[in-house]
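Heads up, the thing below is written out as structure tokens.
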Amino acid sequence: MTESTPRIRSLLRQADRVAESGKRSAAENLYRQIIEEAPDNASAWIGLASVVRDPAEQENAYERALEIEPDNLEAQKGLDQIQEEQIPDPVKDGLEEAEQAPSLSDNSGEKVGTTSRPIPEIYDTDLSFGSDGDSLVIGGTSPVHDHTHLEVTEGTEVLFCANHPSRQTHLRCNKCGKPICSSCAQPTPVGYRCPQCIREHQDIYYTARPLDYLLVILVTVPLSLLGGWLAMRIGFFTIFLGAGAGTLIGRIAFWAARRRRGRGMPQLVAAIVVIGGILPALPLLIFGGINFGLLWSGVYIFTATGAAYYQMR
Ligand SMILES: [Zn+2]
Ligand SMILES: [Zn+2]
């Protein structure tokens, strides 16, 4: 095993979990971050190889892992598998397989045709077009007609990300249809979407208006100051009451916003609770030096802020 810091190990565990849950592009980003910090970590390279879709990239990642750990079995096996699959098949074989198995799973192998286009990318296209009933559905039950081959070619054509014009991609947003790269694509229950469509969707969810923010501030500032002041008075019991106070502040703030949610509103309330906890303790902090009373302010800020934030989410 390559020597690694606890931080890298914990990042790796996180990346492995994300990969196991099937969020390949998120996992890919995590592995790449780890590799940036620790380029000689074979496990990160193997992890990356398991989530990237491009066989060439996969091969490169396994090779890097083997450079670091020449005896690494997992990397050797992975590399063998890719090289086996790269024996050219007629493109048609690959396409037939895509038709027979519309829901290709991740580990069904990356069969490669003569044009070296892996099938999972066709699957991606299927995903991104599946919901709008367009004729571009490849793997589904669309009526068979003469243009099948042409459509498949269109489906796997190389696109460029609308946000990153230099990045090639085969993915499209399933709402607005524009090409997006793997780091822009955000998985949703209905398929991949672009950041812009996600934000638009959130705007429907966030209905708070400026007045609501003002009301939230007017209500939470005095309450937070009161909470912070009380925490210093009741001392030890803050341990039990801090979270309750935060919950109460969060509930009242939500009510003040007339039950509308707003972008950044939970953070705003959390910040006010923190300030409300700090301000009453300030005289003690300045004139009293290190003081036991400050501990309860700290406990209050910690518990109440989290609870208030949770209520506003
Ligand atoms: Zn979109
Ligand atoms: Zn992009």
Taking segment 175-189 and the residues there that are within 12 Å of ligand 1 (Cβ to nearest atom) and either surrounded by fewer than 21 Cβ atoms within 10 Å (Cβ to Cβ) or at positive phi (or both), the one that is modelled with the lowest pLDDT would be 188
Within segment 169-216, restricting to residues that are basic (Lys, Arg) and in a loop (DSSP other than H, G, I, E, B), the one that is farthest from ligand 2 (Cβ to nearest atom) is 209
Inset, instruction - Would you be able to say whether some residue in segment 289-298 is outside any helix (DSSP H, G or I) and of a type in the set (Val, Ile, Thr)? - result: yes
Checked against (1) surrounded by 15 or more Cβ atoms within 10 Å (Cβ to Cβ); (2) within 27 Å of the chain's Cα centre (by Cα), residue 277 satisfies every condition except (2)
So, first residue of a type in the set (S, T, N, Q) in segment 166-179, second residue within 8 Å of ligand 1 (Cβ to nearest atom) and not in a loop (DSSP other than H, G, I, E, B), Cβ within less than 7 Å, six or more apart or across chains; the pairs are 174/193
| query | Before we move on, is residue 76 touching a Leu at 6+ places or on another chain (Cβ under 8 Å) and over 29 Å from residue 194 (Cβ atoms)? | reply | yes
Pairs returned, first residue in segment 195-209 that is surrounded by 12 or more Cβ atoms within 10 Å (Cβ to Cβ), second residue that is part of a loop (DSSP other than H, G, I, E, B) and of a type in the set (Lys, Arg), beta-carbon separation under 7 angstrom, 6 or more apart or interchain, are 197/175; 206/261; 206/263; 207/260; 207/261; 208/260; 208/261
Handout entry: residue 219 away from ligand 1 (no atom under 16 Å from the Cβ) and either crowded, with 19+ Cβ neighbours inside 10 Å or in the same structural domain as residue 283 (by TED's automatic domain parsing) (or both)
Key = yes
Here the residues within segment 160-174 that are more than 12 Å from ligand 1 (Cβ to nearest atom) and out of contact with any strand residue (DSSP E or B) (no Cβ under 7 Å at 6 or more places or on another chain) are 164, 165, 166
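The values are calculated or read from the model by the stated rules, or taken from the named source; none is laboratory data. Given the structure is predicted, the values throughout are model-derived calculations rather than measurements. For neighbour counting, all protein chains shown are included, and Cβ atoms are generated from backbone atoms with ideal geometry for every residue, glycine included.
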